[in-house]
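The values are calculated or read from the model by the stated rules, or taken from the named source; none is laboratory data. Everything numeric in this text was worked out from a predicted model, so none of it was measured. Cβ placement follows ideal geometry from the backbone for every residue including glycine, while neighbour counts extend to all protein chains displayed. Surface areas here come from the heavy atoms of the whole protein model, side chains and all, with no ligands, DNA or RNA. Shrake-Rupley method; radii C 1.70, N 1.55, O 1.52, S 1.80 Å.
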Amino acid sequence: MLRFDPFHDIDTVARQLLGESMGTSRAPRFMPMDLFKAGDHYVLNADLPGVDPGSVDVSVDNGTLTLRAQRSLPSDEGVQWIASERFAGTYMRQLSLGDNVDAEKISATYNNGVLSVTIPIAEKAKPRRIEISGSNQPRTIEAGSSG
């Protein structure tokens, strides 16, 4: 199967300028993810198809959440590639966590190629009721937090 790719030379120059060595067109490009808030926690879902679960690492250090994973492909030895679009290598993504999360209670699961990280909101950041005194009738007002 022969295919003409008019952008091949441009891609090669871009890889060289970005520091990617020749012959590594199968290096990972990015780790696509979704992040949303659900009730009293955040949920991060990252796509990592074909990644060995044993290579997935989730860590928190000094307010930074780091996701790492390794994807390996079979050896290139004795293989003549016809198409090579599945990336291999190390994927990494880092996110800064705010003060409003409870880093001690972060949990993660990996199922069907999706890494799901649950990031709980810290108790101090959750809305609470504050009792007001000093008048004839005590009353309660809502106090919210930003974030």
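Tell me, what is the 1.4 Å probe accessible area of T109, in Å² to the nearest 10?
Accessible area, nearest 10 Å²: 80 Å².
In Å and whole numbers, how far do the C-alpha atoms of the range 38-135 stretch along each principal axis, longest first?
Its Cα atoms span 85, 25, 20 Å along the three principal axes.
Given 0.36 nm per residue, what is the gain on full extension from S84 to T118 after removing their alpha carbon distance, in nm?
Working: separation 34, 0.36 × 34 = 12.24 nm, distance 3.37 nm.
Extra length available between S84 and T118 comes to 8.9 nm.
Charges at C-beta only: +1 for Lys and Arg, -1 for Asp and Glu. How large is the resulting dipole of the range 34-86 about its Cα centre, in Debye rounded to 20? Display every interim value, and only then the final one.
On the way: 4 positive and 9 negative charges, 19 e Å.
Dipole of the range 34-86, to the nearest 20 debye: 100 debye.
Would you kindly derive the ³J(HN,Hα) couplings of the range 54-67 from the backbone phi angles with the Karplus curve 6.51 cos²θ - 1.76 cosθ + 1.60 (θ = phi - 60°), listing them in order in whole Hz, with x for Gly and Pro?
Each residue of the range 54-67 in turn: x, 8, 7, 9, 10, 9, 10, 9, 6, x, 10, 8, 10, 10 Hz.
Which order do K37, K124 take by accessible area at a 1.4 Å probe, largest first? Let's see the in-between values first.
On the way: K37 115, K124 150 Å².
Listed by decreasing accessible area, they come as K124, K37.
Over the heavy atoms of I82, what accessible area does a 1.4 Å probe trace out, to the nearest 10 Å²?
Ignoring ligands and nucleic acids, I82 comes out at about 120 Å².
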